[in-house]
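The values are calculated or read from the model by the stated rules, or taken from the named source; none is laboratory data. Source: prediction; values computed, not measured. No Cβ is skipped: glycine too gets one built from the backbone with ideal geometry, and neighbour counts run over all protein chains shown.
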Amino acid sequence: MNTFKAVGLGLVGFGSILATFSYFVILSVPLTAIGLSFCVLGCVVLIFPEYLVPHQVVKGMISGSVANIEALLEEFTAVEKAIYLPAKEGKVYVFCPLSANPSYPEINKITDVPKRIISSVDGHPGLFIYPPGSDVVATSGIIEEEKEEVENKDLSLENFLPRLENVIGYLLVDFSEFTSKVQVNFEKNKVFLRAKNIKFNIDAPRFTRVLGSPAASLAACAICQVSKMPVKILEEKREGKWIKAVFEIKEKING
């Protein structure tokens, strides 16, 4: 039972008891009116949607974005794993090395170059792309809630890791309904994600190879946004009903 239903049922139950007792026992019209008001308020809460952005809208937004990025990656024959980078202001973006030069430049140099579609970073050509998961993370509002909890606190990577399970679980299970269950474990600078019963699949092999599956990409955006550190998907594979993904949190960006 979600929060809205619990609160709504509580208000309806309390209002019904108060109205009945006030009308038949103490014969108080004002208290009866207050009880009925609680009932009406509870009904309003019950019909209020838990998520202001419907799941279908989230999935439709991601499907269109994945299709466009897939076409772009195909055009430039990108095959190397992308690096997810946190923005000081704004949304997470990724750097995709091009196949002609598959090596990775230094992280700090990537963040300093202009964010054009095609850029050369210290002689390393690559694509700058805003993944669809970046918009989903921003729309959900979950990062802002986490930010309020840790505001004015100097937290290390180890302090952030336990929070990632709540954020990833909310985004993949509750907000987007990509999967029915997630498990998150940590080891040093690596995050291990297992997601069960993936409900959202799209035929985009180039996108999956470079940025990961839509679910893994969304998780990478969440990790990047929470930790404020670069993230790379090292591995992703299917194990029965589960999908396993391994993320590496790279060194912190200076400045």
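A few comments on the model shown:
- Selected residue [among the β-branched types (Val, Ile, Thr) and in contact with a Cys (Cβ under 6 Å, 6 or more places away or on another chain)] from 226, 184, 210: 210
- Of all residues making up region 212-232, the number that are within 15 Å of the chain's Cα centre (by Cα) and either farther than 14 Å from residue 182 by Cβ or not small (Gly, Ala, Ser) (or both): 12
- Taking the criterion of being under 17 Å from residue 239 (Cα atoms) and polar (S, T, N, Q), the residues of region 162-201 that qualify are 179, 180, 183, 185, 197, 201.
- Filter result (within 12 Å of residue 218 (Cβ to Cβ), at pLDDT below 80 and either of a type in the set (S, T, N, Q) or not assigned by TED's automatic domain parsing to the domain that holds residue 226 (or both)) within region 136-181: 139, 140, 176
- Counting only residues that are farther than 8 Å from residue 8 by Cα, modelled with pLDDT under 85 and surrounded by 15 or more Cβ atoms within 10 Å (Cβ to Cβ), region 39-52 holds 1 of them.
- Filtered residues of region 80-132 (kept if modelled with pLDDT under 85 and of a type in the set (A, V, I, L, M)): 87, 98, 100, 107, 110, 113, 117, 118, 121
- The residue that is surrounded by the fewest Cβ atoms within 10 Å (Cβ to Cβ), among those in region 196-255 that are acidic (Asp, Glu) and touching a strand residue (DSSP E or B) at 6+ places or on another chain (Cβ under 7 Å), is 235.
- Residue in region 59-71 that is modelled with pLDDT of 85 or more, of a type in the set (A, V, I, L, M) and crowded, with 18+ Cβ neighbours inside 10 Å present: yes
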